[in-house]
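Student: Mind having a look at this structure? Questions to follow.
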Amino acid sequence: MTSSEIKSKARESLTNKWGKAALITFCYFVIEFLINFMISGSERSFPLLSSLLSIGETVISVPLAYGIMMSFMKLKRSENVEAFDFFTDGFSNFGRAWGITWKVIKKMILPIIYLIIATCVFLAFLSSVPPCIGSNSSIILLSFLFIIWSLALLALYVWVAIKSLFYVLVYQVAYDNPNLSSKEVVEESEKLMTGNRGKYFVLQLSFIGWVILACLTFGIGFLWLTPYITISTICFYEALAGKSDAPIEVDSEEVE
């Protein structure tokens, strides 16, 4: 299946369901907004409370993300789903959602550490540059070092982003395979995405025009665009997992 065929399949799956999809998305956005509003409202008056709320927001964002994926999986497959099911389903699977997330973090820990160290060194380098550099040779040397560090930092960001694509299907795999352990879910996502990260990137990139259009509607368009993108990703997953009548051809090898 090409990106166009996947998106066409997603639109077909959303036929007569756009209203419910938008309602689910709206409810999800409302909860996210209320959480962020509480955090931002307490930043100045109660900094300690704001810090605690930020930690809490991080803790609950994972089951909420798992829950919203479950809701869209049900919607795509014409199963019964209500507007706030993502909340109850997410928190009823709190441990599983965080177990999977923790396994992904462990897989990504080294790239993330390298990225943090490189970012700190880069910022330290910038802060150590004196206001008046001096000679032309010093300016040339510092400019050269700045370019080298910038390119190295950019390469690290790209590496982390590319590696993270191995794990974009963990929630879909978890939903379809409740008997798999968190480790097995992550490994299955890696297996499905091996040789297909480029296809996934192209699929997501194909929505750029819709994202711009949704921004021009002051964000209202995301009520429909979010389920469109999410259902397309589910169709992509189903094609890779052999749950579609038009599977994506999987490459046998991929250089990491």
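Student: Students often get this wrong, so check it: of Lys9/Lys107; Lys106/Lys191; Lys20/Lys103; Lys7/Lys74, which have C-alpha atoms separated by over 29 Å? Could you put the intermediate results ahead of the total?
Tutor: Working: Lys9/Lys107 32 Å; Lys106/Lys191 17 Å; Lys20/Lys103 33 Å; Lys7/Lys74 18 Å.
With Cα atoms farther than 29 Å apart: Lys9/Lys107; Lys20/Lys103.
Student: Classify the range 144-232: rounded, prolate or oblate, from the alpha-carbon gyration tensor (a ≥ b ≥ c, eigenvalue square roots; a/c under 1.5 rounded; otherwise prolate if a/b is larger than b/c)?
Tutor: Values: a/c = 2.59, a/b = 1.08, b/c = 2.39.
Judged from the Cα gyration tensor, the range 144-232 comes out oblate (a/c at least 1.5, b/c at or above a/b).
Student: Could I ask something else about it? What does the highest-first list of 102-114, 67-79 look like by mean Cβ count within 10 Å?
Tutor: Numbers: 102-114: 14.2, 67-79: 20.5.
Descending mean neighbour count gives 67-79, 102-114.
Student: On a full-extension model of 0.36 nm per residue, what is the gain between Ala155 and Asn36, subtracting their alpha-carbon distance, rounded to one decimal in nm?
Tutor: Gain on stretching Ala155 to Asn36: 39.7 nm.
Student: With θ set to phi - 60°, apply the Karplus curve 6.51 cos²θ - 1.76 cosθ + 1.60 along the range 17-30 and write out the HN-Hα couplings as whole Hz, x wherever there is a Gly or Pro.
Tutor: Values, residue by residue: 10, 4, x, 5, 4, 5, 5, 4, 4, 4, 4, 5, 4, 4 Hz.
Student: Still on this structure, I have one more. Roughly how many percent of the accessible protein surface of the range 140-214 is carbon and sulfur, given a 1.4 Å probe and a whole-percent answer? Don't jump to the answer; show the numbers that get you there.
Tutor: Details: 3080 of 4100 Å².
The nonpolar share, carbon plus sulfur, comes to 75 percent.
Student: While we're looking at this one, here's another question. What order, most packed first, do the peptides 192-199, 228-235, 5-12 have when packing is the mean number of other Cβ atoms within 10 Å of each residue? Before the final figure, lay out each step's value.
Tutor: Working: 192-199: 19.0, 228-235: 22.9, 5-12: 17.4.
By packing density, highest mean first, the sequence is 228-235, 192-199, 5-12.
The values are calculated or read from the model by the stated rules, or taken from the named source; none is laboratory data. Here the structure is a predicted model, which is why all the values come from computation and not from measurement. Quick reminder, even Gly has a Cβ in these numbers, built from the backbone with ideal geometry, and neighbours come from all protein chains shown. Heads up: the accessible areas ignore ligands, DNA and RNA and are worked out on the full protein's heavy atoms, side chains in. Shrake-Rupley method; radii C 1.70, N 1.55, O 1.52, S 1.80 Å.
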